[in-house]
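What follows is calculated from the coordinates using simple rules that are stated; it is not laboratory data. Remember, it's a predicted structure, so these values are computed and weren't measured experimentally. Please note: Cβ atoms are built from the backbone with ideal geometry, for glycine as well, and neighbour counts cover all protein chains shown.
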Amino acid sequence: MPPQDLIISSPFSITQMLWLIPAVPVVAAGVTALLRQPKRRTAVTLAIGSVSFSLLLSLVAFVHMVVRWAEGFCVHETVNFTWIQVGATNVELGWVLDPLAAVMLVMVTFVSLLIFIYSTGYMKHDENYTHFFCFMSLFAGSMLGVVIANSLLLLFMCWELVGLTSYLLIGFWYQKPSAAAAAKKAFLTTRVGDVFFLLGMVWLFAQTGTLLFYNGGTGSMEPEALAGLLAQPAALGLTAAGAISLLIFAGAAGKSGQFPLHVWLPDAMEGPTPVSALIHAATMVAAGVYLIARVYPLMQAGALAGGTTTALTVVTWVGASTAVFAALIAVAQNDIKRILAYSTISQLGYMMAGLGMGGVAVGMFHLVTHAFFKALLFLGAGSVIHGCQDEQDVRRMGGLKSDMPLTFATYSIGMLALCGFGFPLFFSGFWSKDGILDAALHWSVAKTPFYMLVLGALLTAFYMTRQVAYVFFGHWRGHKPAHESPAVMTVPLAILAFFAMTLGLIGTPAWQWFSAFLEGRSACFDLSRIVYPEFLALMGTSTVVVILGIVLSWRLYGDRSPKPEQPDVLEKAAPLVWRWLRNRLYVDELYEVTVIAYYGWWAWVADWLDRRVWGGVVDAVAWAFRGWAQLNRFLDSNVVDGSFDKGCDELAVGGGLLARVQTGRVQTYLRVLALAVMVLAAILIWSSRT
Amino acid sequence: MTPLASYLLVAALLFSIGLAGALTRRSAILVLIGIELMLNAANLNLIAFWRYGPHPEALTGMMFAIFSIAVAAAEAAVGLGLVIHIHRYAHTTNLDAMNRMKG
Amino acid sequence: MNSVFYLISALTVVGGLAAVLLRNTVHCALALTVAFAGLALLFLDLDAQFAGFAQILVYIGAVAILVVFAILLTRGSETPKGGVYSRNWPVGLVIAAGVFAVLGWAVLQSGSVLPHETAVPVVTVRQIGNALMDRYVLPLEIVALLLTTAMIGAVIVAMHEKEGQK
């Protein structure tokens, strides 16, 4: 049955209360931020309590969705509202509850809760404890916002918030210059992707008039809008749908660390390990994959039956290339977290390739399983680092399987899940990766991605075995002895290990519940499907590849524990190749020389302009004003004052001259008197003459 | 020329002489002498007009002249007293030296 | 006009001229007396006998003596330094000449309205006395007051002040 849209009006349904799921952790973050003194207990209670509440609500939503699915419906339940009204245009926001969102909600809240609990032990000795939980709660709220967003605009807003919290958390130990630089790098690199995302968003809004995904038929992911987009041609033979899809994929590529915007992820390991686990393994980097899944109707628009679109092809190629590229680099890394970081990039490539070739269910299944075992691996690495007193170089570890048994057990489960070890059919990574390989095998465009992904699986097994051999086997090469981590850290490890093993069971060929749930079909349990020839061949191939990788690596790195100063075995064999891989294929250096140098030059130009040209203008103006002021002063004191003074002097002189009349001598006065009388008399007599 | 005119001319001449003396002599006493001459000339004028005027029986001119003589006497007394007083302090009757009222 | 008039006029004018021109101040005072005498004669010629005798009594008998006294008290008999004429004395001369010119001109050009001969008035002292008490009693009293004041004033002004009483 095709998916239906339901606009929910009942106030008590879970969909109406869905907004609480992201809101409560955000509010908890706000309250924690406003706390006057660092109150550790309060901060932790707020963080864990809010995420638990969100988990509860998410479970309710999930159960609701399962019930609807069992009844035979497949719905997108939406709640939309108008946010801004500008003239005749409305900008609407809203949230949606559908199987995809429900699955993601449960995964995010559950993994977040486990990591929060783990962090109470890991960050115990840190002085910015409350800040940590404030930022983590904010992150959880923002990520959940991304998940339930029904509007591309709301998704973008939460997307940016997620980026912000990632910046805050990578640079958590901001006193370290490397951490601050890594945070900046992460923010700027994802920003490059976000610019394209924004362009795509604006274009979509311009074309369809709405940014809502589902809106009772008028949403942008619904057939009417998609038909309109397909009719619009854009550049390079693409339609508007294809162009917008590629722009949005550019944004997802930034966030999910696809080549060439992957450079920030390894540096993001500067943040605390719980941060790496939650943000850079399980959730935030998965947001890109989730975004593609969300706009899948757009990406798939125009595909003929059995065929694919340009956008999805691009996604596939980028994903496959990233998978191999990152796996190659991971082989030559020596930092325990960096190996896992490149592994994450590689697995994200797998997810993207799965989305491109197999559809939403394939990619999302790998996303969910990856979240669990990658979080497990990171938390295990954190436990190892904590136990080795903050040592992160694998060449200085060794023999920890006896010192840290619990960590070793859970870490091995995670490692095998990541490799996709087929035996004994328990490891979730096996099923999810096989789903992707299956889709690659049946891809209509080319078979090359399949071979790339198989190579990637080989390399994954190789480097993970290398890492485990270095860390847990051999003898201890560090300075101080190691110790096991406290229970608050190992219990989440155990829980995650359990799920890493069992989660695969919802996606096996025998019981394709996951894809059925997401696509609204019914699923039946049929054990015999496993032994269908095509499945069997594929499973066998992948198992053989993985075992080959493990055996090769064990042969080279096995129980030997070479001293840290000695070069690696592969380095001795192929030093040039090793050097290239060790230096991450010089991508960072390339960026340094091109993009950063370019911007540096522009910055220098701008600075020169500012200082010389504008500064010169300002100086000139100031000089002109000063000159004017001087002129005024000159005029004032010389012309005005001078003329006034001169006038006064003249007056004084005149007065002096006039005062000479007052001689003080009587006879002068008499003379004047006589003269005046004479003149007067003369006048009078003259005038009276007749 | 009528008799009156000739008397008037004589009076005018005396007046001018007295004025000249008052305006040109350096000593204060001589200024006073000049002033006395002027007053006398005026008296002569008065008497002349009384004699040749329309109503000499009214005695106006004569009375005027008599009073003028009396006043002139008083004025001479006070004036000369002043000159003596000033002489006591300035030790001179030189009018040119008495310029303390100079502006 | 008879020659008596010319003679007396000449005497008077010469006396006046001498009074203002002589160097010695005492000589000037004496010349003034001559001028006063001449004027008295002129009054007599004008049938103003009382005025003439009053002139002799008051002017010659009092004012001239007073002037002489003042001259002697102020050592005016000595020849002053720097000449007898004040600064810029030609200016005063010119002004005096101008005054005479105006007066003369006034007299001469109004000659037509002046009468020629009139009857000789007969004035007795009794008439003058009556007039003084009758019509001119007020001026009489005022002049009396004036004379008293002038006398007192002159005494005060000319009095030697004691040392330390300034």
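A few remarks follow.
- Efficiency of FRET between residue A:669 and residue A:645 - r from beta-carbon atoms, R0 25 angstrom, step 0.05: 0.15
- Inverting the pair-averaged 1/r between distinct Cα atoms of region C:122-166 gives 13.1 Å as its Kirkwood hydrodynamic radius.
- Size descriptor, Kirkwood hydrodynamic radius, that averages inverse alpha-carbon separations across region A:524-648, Å: 24.0
- On the beta carbon distance between residue A:535 and residue A:180, with R0 = 45 Å, the FRET formula returns roughly 0.35.
- Relative to the current alpha-carbon distance between residue A:483 and residue A:206, full extension at 0.36 nm per residue lengthens the span by 93.8 nm.
- Along its first, second and third principal axes, ordered by size, the protein assembly as shown spans 187, 65, 51 Å in Cα coordinates.
- Rounded Å value of the spacing that divides the Cα centres of region A:617-644 and region B:20-72: 74
- Residues B:33, A:596 in ascending order of nearby Cβ atoms (within 10 Å, fewest first): A:596, B:33.
- Per-residue mean of C-beta atoms belonging to partner chains within 10 Å, peptide C:123-133: 2
- Considering helices alone, the calculated mean residue ellipticity of chain A at 222 nm is -22000 deg cm²/dmol, with DSSP H runs of length four and up weighted by -39500 (n - 2.57) and normalised per residue.
- Between 0 and 90°, nearest 10: helix A:597-608 axis offset from chain A longest Cα axis: 10
- Annotation: the residues B:25, A:560, sorted from fewest to most other C-beta atoms within 10 Å of their own C-beta, follow the order A:560, B:25.
- When peptides A:25-34, C:2-11 are ranked by their average number of other Cβ atoms within 10 Å per residue, the highest-first order is A:25-34, C:2-11.
- Note on region B:3-97: the alpha carbon radius of gyration divided by the globular reference 2.2 N^0.38 Å gives 1.30.
- log₁₀ of I(q)/I(0) at q = 0.20, 0.23, 0.28 Å⁻¹ - region C:1-79, Debye sum with one point per alpha carbon: -0.83, -0.99, -1.21
- Cβ-based exposure ranking for B:100, A:626, in which fewest neighbours within 10 Å come first: B:100, A:626
- In degrees, nearest ten, helix A:240-255 long axis to first principal axis of chain A (Cα): 90
- Region A:42-108 and region A:217-262 have their alpha-carbon centroids 24 Å apart.
- Chain B, helix-only ellipticity at 222 nm - DSSP H runs n ≥ 4, -39,500 (n - 2.57), divided by all residues, nearest 500: -27000 deg cm²/dmol
- Here the simple spin-label model places points 7 Å from the Cα toward Cβ, and for residue A:412 and residue B:94 these points are separated by 14.3 nm.
- Label-to-label distance, nm, for residues given as residue A:36 and residue A:612 (7 Å Cα→Cβ offset): 5.6
- Exposed loop positions in chain A were taken to be GluC sites (Glu not before Pro) whose DSSP state is not H, G, I, E or B and which have at most 10 other beta-carbon atoms within 10 angstrom. Between these positions, the longest stretch is A:128-564.
- Relative to the longest principal axis of the Cα atoms of chain A, the long axis of helix A:487-502 makes an angle of roughly 60 degrees.
- Average other protein chain Cβ within 10 Å of Cβ, residues C:7-17: 4
- The packing ranking, built from the mean of other Cβ atoms within 10 Å per residue, places the peptides C:134-145, A:379-390 in the order A:379-390, C:134-145, highest first.
- For B:93-100, mean number of other protein chain Cβ atoms within 10 Å: 5
- About the Cα centre, charge dipole magnitude for the protein assembly as shown (Lys/Arg +1, Asp/Glu -1 at Cβ), debye: 2180
- Cβ-Cβ FRET estimate between residue C:22 and residue C:65, R0 fixed at 22 Å, reported to 0.05: 0.75
- Taking each DSSP H run with n ≥ 4 as -39500 (n - 2.57) and averaging over every residue of chain C yields -22000 deg cm²/dmol at 222 nm.
- Peptides A:186-195, A:207-216 ordered by packing proxy, namely the average of other Cβ atoms within 10 Å per residue, highest first: A:207-216, A:186-195.
- Spacing of the modelled spin labels on residue A:445 and residue A:164, each 7 Å from Cα toward Cβ, amounts to 3.6 nm.
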